[in-house]
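Colleague: Below are the structure tokens for one structure; questions will follow.
All of the numbers you see were taken from the coordinates with simple rules; none came from a lab. Quick caveat: nothing in here was measured; it's all calculated off a predicted structure. Every residue, glycine as well, gets a Cβ built from its backbone with ideal geometry; the counts of neighbours run over all protein chains shown.
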Amino acid sequence: MQHDVVHGPSHALLRVNLDPGEQVITEAGAMVTYSDGMKMEAKLNAGQKAGCMAVLAAIFIAFVRKLVGGDSFFVSHFTAPAAGGSVTLAPSLNGSIDHRRLGAGEKLMLTAGAYLASTPGLGLQMRWGGCSAIFSKEGAFFVEAEGPGELWFNSYGGIHAIDVDGTYMVDNGHIVAFDPSLTFTIKRAGKGLMGSMASGEGLVCQFAGKGKVYIQSRNVGALVSWLAKIS
């Protein structure tokens, strides 16, 4: 699907160009503009299955995603008319937008609020991050994106992709996404409790394995703390 990102990395805006009949699914509230004739539908942020029980299950899944995943209860489906069209999207916070095309069965784990848009063939599921994830700033749940399809995700600040082969430490407020081939554990940044407190870093995530991790150049928690100090 043709797309481009403008005004990045600080104030990124995604423009997706759709051929006739093509569709893109977006996070609710992310739309900035869309061209004439574009059809827009709001749907539950859950799988697409027929039947009454499937609808009830979709409502429950959408509620869980909203409660623990930081995603909207609904998503927007944009479908292009016979003449084609375009949609522009922007995330809530100032930052960058990245794109990844996932092949069949290929997966990427997203932290809360990182999902921006995808093509209809791409599946999204809530995944438990393990007991250690409870203590991370990213929360206990992640959104697992599985191909085939195209995925767009956003950050607070710029996005930097790191190829991990072994172990790698990342402050847990800077994680955007990572390959599921990587495992992570929560550790103190410094040696001992006093070392962690003195460094100001607190807890970090130690990734292990081989894969890619996407980090953001700014930390939302640090922004919240700064605003609290000056308010």
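Colleague: Give the long-range amide H neighbours of Val164: residues separated by 5 or more places, or on another chain, with amide H under 5 Å away, using H modelled in the peptide plane at 1.01 Å from N.
Modeller: Amide H to amide H, under 5 Å and 5 or more residues apart or across chains, Val164 pairs with Gly211, Lys212, Val213.
Colleague: Using the Karplus equation 6.51 cos²θ - 1.76 cosθ + 1.60 (θ = phi - 60°), what ³J(HN,Hα) coupling, rounded to whole Hz, does each residue of the stretch 154-170 give in order, writing x for Gly and Pro?
Modeller: Ordered by residue, 3J(HN,Hα) equals 10, 9, 9, x, x, 9, 10, 8, 10, 8, 9, 9, x, 10, 7, 9, 9 Hz.
Colleague: Let me ask something additional. Can you list the residues, at least 5 places off or on another chain, whose amide H is less than 5 Å from the amide H of Ser155, using H built in the peptide plane?
Modeller: It is Ser96, by chain and number.
Colleague: Same structure, new question: Under 5 Å between amide H atoms, partner at least 5 residues away or on a different chain: which partners does Gly149 have, H built in plane at 1.01 Å?
Modeller: Leu102
Colleague: What is the extension gain from Gln2 to Ile230, computed as 0.36 nm multiplied by their sequence separation minus the C-alpha to C-alpha distance, in nm to one decimal?
Modeller: 77.8 nm
Colleague: Still on this structure: Kindly write out, for the stretch 19-24 in residue order, the coupling ³J(HN,Hα) from the Karplus curve 6.51 cos²θ - 1.76 cosθ + 1.60 (θ = phi - 60°), rounded to whole Hz, with x marking Gly and Pro.
Modeller: Along the stretch 19-24, the couplings run 6, x, x, 5, 9, 10 Hz.
Colleague: Right, another one. Can you give the local net charge around Glu106? Use residues other than it whose beta-carbon is closer than 14 angstrom to its beta-carbon, Lys and Arg +1, Asp and Glu -1.
Modeller: Here the charged neighbours net out to 0.
Colleague: Further, regarding this structure: What nm distance separates the two modelled labels at Arg101 and Lys39, each placed 7 Å from Cα along Cα→Cβ?
Modeller: Each label point lies 7 Å from its Cα, and together they span 2.6 nm.
Colleague: Quickly work out the His160-to-Asn17 label distance, labels modelled 7 Å from Cα along the C-beta direction, and quote it in nm with one decimal.
Modeller: Rounded to a tenth, the inter-label distance reads 3.3 nm.
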